[in-house]
Amino acid sequence: MTLSIALRGDTARFPGNTLPALRSALRAGVDLVKIDVHLTSDGYPVLVDERVVALPGSEPRRIGDLTLAELAGARENVERRVPTLMEVLSEFLGRETTPLMIDAASPEAALAADTVLREHGFVDQALFTGPVEALQALRARRPATPMMLSWDQPGPPPEDLARSLRPTFLGKHYTLLDRETVGEMHRFGYRVVAWTVNEFPEMARLIGMGVDAIATERVDDLVSLTSGRAQGPSSHGDPASSPVPQVSPGAAGPDRHTEGPV
């Protein structure tokens with residue numbers, strides 16, 4: 001089964017990293033939504049695409065220099081409002097897991113996001129990605145948190161990096177993937193995520209070569225393939241729901257095969 005990952009939600013219909021985009025992607029049936037998490041100056045993890053935001057009537061400022069209250073006034077359109085991670089997690093109360101891939105912009109953002117997950121009962125129930133230093137900080141705190149390491153270099157990650165992070169997934173740009181590369185990563189015990197795939201024929205080709213997950217901005221097209229409904233590119237009709245699988249850190253990873261880095 002190939003997992004479907006919506007980058008920043010359903011961006012074909014709504015601004016990315018907003019609650020409407022998240023809800024629409026989940027209604028469409030994606031397995032995971034990748035969200036970009038930054039930390040405000042007063043310590044709140046929030047969802048934004050960019051590191052710099054232009055406030056009305058003032059020069060652009062970095063997210064880390066703004067308080068949550070200041071950031072709340074950055075967008076007048078309610079659909080573009082910057083949500084906190086706490087708001088996002090409240091969407092999943094009552095579920096056993098959360099269908100999120102959290103791209104933490106910094107070590108501080110990763111640790112703050114982990115704290116919010118713990119407070120909402122979702123410890124080790126989201127897939128984390130981001131800069132290596134952010135993943136290292138999180139791994140030092142959480143031995144069991146599932147992670148995706150972006151790795152666009154030839155071959156598997158160095159043994160010392162694999163030992164310290166123990167990533168479940170490796171993320172690679174789809175143009176770097178072929179059947180041999182996917183097979184090699186599988187032999188080392190990694191699951192492979194292909195980024196960013198927006199063309200329907202390319203999605204089908206990657207599924208055929210055995211990738212484990214595909215990240216896209218074309219939610220309907222990908223879900224139609226991963227759910228087995230598609231005969232061709234979707235027409236963006238009414239979304240259908242599908243169950244969201246739990247991402248288990250024990251489901252894959254470098255300790256699954258003795259020939260890989262252990």
> Mind checking which residues of segment 64-106 are touching a strand residue (DSSP E or B) at 6+ places or on another chain (Cβ under 7 Å) and closer than 26 Å to LEU170 by Cβ?
Replying inline: LEU85, VAL88, PRO99, LEU100, MET101, ILE102, ASP103, ALA104, ALA105, SER106
> Out of (1) open to solvent by less than 10 Å² (accessible area, probe 1.4 Å); (2) in contact (Cβ under 8 Å) with a residue 60 or more places away in the chain; (3) of a type in the set (Gly, Ala, Ser); (4) farther than 17 Å from GLN125 by Cβ, what's the single condition that is false for SER106?
Replying inline: (1)
>> Quick check on GLY189: is it open to solvent by less than 50 Å² (accessible area, probe 1.4 Å), at positive phi, part of a loop (DSSP other than H, G, I, E, B) and in contact with a Pro (Cβ under 8 Å, 6 or more places away or on another chain)?
In response: yes
> Mind checking which residues of segment 120-145 are touching a residue at least 12 places away in the same chain (Cβ under 8 Å) and outside any loop (DSSP other than H, G, I, E, B)?
Replying inline: LEU127, PHE128, THR129, VAL132, GLU133, ALA134, LEU135, GLN136, ALA137, LEU138, ARG139, ARG141
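Take MET148 and tell me if it is at pLDDT 95 or above, in a helix (DSSP H, G or I), of a type in the set (A, V, I, L, M) and out of contact with any helix residue (DSSP H, G or I) (no Cβ under 7 Å at 6 or more places or on another chain).
no
Test of understanding: among GLY171, GLY155, GLY183, which residue is more than 26 Å from THR115 (Cβ to Cβ), among the small types (Gly, Ala, Ser), in contact (Cβ under 8 Å) with a residue 12 or more places away in the chain and not in a helix (DSSP H, G or I)?
Answer to the check: GLY155.
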> Does segment 197-222 hold any residues that are under 16 Å from the mean Cα position of the chain (by Cα) and assigned to a helix (DSSP H, G or I), and which are they?
Replying inline: VAL219, LEU222
>> Here is a check on your reading of the model: is SER150 in contact with a strand residue (DSSP E or B) (Cβ under 6 Å, 6 or more places away or on another chain), surrounded by fewer than 21 Cβ atoms within 10 Å (Cβ to Cβ) and polar (S, T, N, Q)?
In response: yes
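The values are calculated or read from the model by the stated rules, or taken from the named source; none is laboratory data. What you see is a predicted model, and the numbers here were worked out from it, not measured in a lab. Neighbour counts are summed over all protein chains in view; Cβ atoms, including those assigned to glycine, are modelled from backbone coordinates with ideal geometry. In case anyone asks, the SASA skips ligands and DNA or RNA and just uses the protein heavy atoms, side chains included. Shrake-Rupley method; radii C 1.70, N 1.55, O 1.52, S 1.80 Å.
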